[in-house]
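Participant: Attaching a single structure in structure tokens format; questions to follow.
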């Protein structure tokens with residue numbers, strides 16, 4: 001977790017996870033029957049998330065600072081992208097493994113949902129601990145914030161079409 005200190009990695013990972021979670025909920029609801037097809041769609045979603053995030057960062061930086069990015073600043077954006085991709089590729093692997101018949105595609109979607117909720121919970125708990133909260137209060141905070149994340153995902157997947 002130390003690689004996430006002093007930068008925006010955690011925020012980017014959370015945002016990417018939420019967007020991917022919404023995509024996975026939509027894919028599951030669409031009735032996709034193969035892990036390959038679901039994984040391909042999730043991979044395309046991850047690429048779209050990364051490209052959109054990088055594009056927004058590049059344009060936003062240029063407007064904010066009235067200049068082009070230097071090599072170090074481009075590297076920081078790339079590092080953020082790697083952080084997002086690392087966390088977002090796990091659900092793709094979970095979906096691909098379902099093609100081995102180890103578990104069904106429906107079960108794979110459930111595993112990806114559990115993974116996404118776990119990421120939201122762990123990062124929320126971690127932020128609470130870093131803020132000085134005790135373990136119990138951090139657990140409560142993480143539960144509340146993960147629930148808020150789930151509510152946002154529910155709203156986006158049901159009303160954001």
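Participant: Of everything in segment 131-153 that's closer than 21 Å to residue 9 by Cα and at pLDDT below 90, which residue is surrounded by the fewest Cβ atoms within 10 Å (Cβ to Cβ)?
Facilitator: By that ranking, first place goes to 148.
Participant: Residues to consider are 112, 141; find the one that is in a helix (DSSP H, G or I) and more than 22 Å from residue 39 (Cα to Cα). Lay out the reasoning, then the answer.
Facilitator: Details: 112 fails: more than 22 Å from residue 39 (Cα to Cα).
Within the list 112, 141, the selection yields 141.
Participant: If you check residue 106 against the conditions, is it surrounded by 15 or more Cβ atoms within 10 Å (Cβ to Cβ) and in a helix (DSSP H, G or I)?
Facilitator: no
Participant: Do you know which residues across segment 20-37 are more than 16 Å from the chain's Cα centre (by Cα), on the phi < 0 side of the Ramachandran plot and either outside any helix (DSSP H, G or I) or touching a residue at least 24 places away in the same chain (Cβ under 8 Å) (or both)?
Facilitator: Taking segment 20-37 as the starting set, the residues that turn out to be more than 16 Å from the chain's Cα centre (by Cα) are 28-37.
Among the residues that remain, those that are also on the phi < 0 side of the Ramachandran plot are: 28-30, 32-37.
Listed by number, the residues that qualify are 28, 29, 30, 32, 33, 34, 35, 36.
Participant: Now for a different question. Those residues that are surrounded by fewer than 17 Cβ atoms within 10 Å (Cβ to Cβ) and under 22 Å from residue 89 (Cα atoms), I need them from segment 112-130; list them, please.
Facilitator: Passing the criteria: 114, 118, 122, 126.
Participant: What's the total number of residues in segment 38-75 that are surrounded by 15 or more Cβ atoms within 10 Å (Cβ to Cβ) and either part of a helix (DSSP H, G or I) or in contact (Cβ under 8 Å) with a residue 40 or more places away in the chain (or both)?
Facilitator: 17
Participant: Against the condition touching a helix residue (DSSP H, G or I) at 6+ places or on another chain (Cβ under 6 Å), surrounded by 13 or more Cβ atoms within 10 Å (Cβ to Cβ) and modelled with pLDDT of 90 or more, how does residue 83 come out, does it pass?
Facilitator: So residue 83 fails the test.
The values are calculated or read from the model by the stated rules, or taken from the named source; none is laboratory data. Not measured: the values here are computed from a predicted model. Methodologically, a virtual Cβ is constructed for each residue, glycine included, from the backbone with ideal geometry; neighbour enumeration extends over all protein chains shown.
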